[in-house]
Amino acid sequence: MQQVASFLRSSLARASPLLYQRALPPASSSLCRFSTKYFNVSYDSGKSVATVQMNRAPVNSFTLDFLTEMSIVLDKLHNDKQIRALVLASTLPRTFSAGFDLGEFLEKKRERGLQFFETFQDICSRLYSSPLVTIAAINGHCIAGGYVLAMTCDHRIMANGPFKVGLNETELGLALPYWIGAMLTNIAGPRVAERASQLGLLFSPEEAKAAHLVDQLVDGSQMAQAVDSEVERWLKIPGERQAPADRA
């Protein structure tokens, strides 16, 4: 984990900061809800838990605007010292995220393509090394960049059903960056990670659980209860939480 975080930080040191003009509402000590173009956010400082729901139909694919907005939302929540846990979820039925919007990611303008990937890498770095407890509530298909986001979280809960999860970039002729492969190896072990990444394998929820790609399977109707229970479990750990890269 330390190697992954170190690689991300050294790479991101070269990235230019992105500016975003939309102002988000100020933090409140009580329940707060707000929406941006692509996200619904709710948080209760009293419970110390924030929920960030992706909301870009039809499959929560990532564009530069989407990623920039997500970056601003994460800034907001990390700056609120009363927030101790973050749940990453989706408003779309049966879909967590399908990852990159390929039409934009493969943009012929090199500068915009670099900005796109640097922004995604920055988001992954901050989630992976976040001092917040992070839970991915995977309610459906979770593919490619969508699963990369889920991998950056501490705990992955997936709804059981006719869904697929995994990294299929090689089927599109794309090689996985080193840091994504390293995260997958940390989670699933060397052999599973090697086969999954090289063959572009997609797993059913049961297969994903057996391969340790997800930590917990639940009935979709029980997702909220499962998330609440897991957050409560993590928040019972005494003392100040350390980011993964800082743990022994």
Rounded to the nearest 10 Å², the 1.4 Å probe accessible area of Lys164 is 90 Å²
Net charge near Gly140 (other residues with Cβ under 10 Å of its Cβ; Lys, Arg +1; Asp, Glu -1) is +2
If each part is reduced to its alpha-carbon centroid, the range 154-230 and the range 58-82 end up apart, in Å, by 22 Å
Quick tally, 1.4 Å probe accessible area for Ile72, Ile123, sorted with the most first, runs Ile72, Ile123
Per the C-alpha gyration tensor (a ≥ b ≥ c, the square roots of its eigenvalues), the range 129-217 is rounded if a/c is under 1.5, else prolate if a/b beats b/c, else oblate; here it's oblate
Taking a ≥ b ≥ c as the square roots of the eigenvalues of the Cα gyration tensor, with a/c under 1.5 meaning rounded and otherwise prolate when a/b exceeds b/c and oblate if not, the range 93-145 is oblate
Everything considered on the Cα gyration tensor (a ≥ b ≥ c; rounded for a/c under 1.5, else prolate if a/b is larger than b/c, else oblate), the range 50-119 must be described as oblate
Placing each pseudo-label 7 Å from Cα in the direction of the beta carbon, Gln222 and His78 end up separated by a distance in nanometres of 3.4 nm
Percent antiparallel among DSSP beta bridges confined to the range 113-248, nearest 5, equals 20 percent
Contour minus Cα-Cα span, Ser229 to Ala175, at 0.36 nm per residue, comes to 15.7 nm
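The values are calculated or read from the model by the stated rules, or taken from the named source; none is laboratory data. Every value quoted in this text rests on a predicted model; they were computed, and no experiment measured them. For neighbour counting, all protein chains shown are included, and Cβ atoms are generated from backbone atoms with ideal geometry for every residue, glycine included. Please note that ligands, DNA and RNA were not included when accessible areas were found on the heavy atoms of the full protein model with its side chains. Shrake-Rupley method; radii C 1.70, N 1.55, O 1.52, S 1.80 Å.
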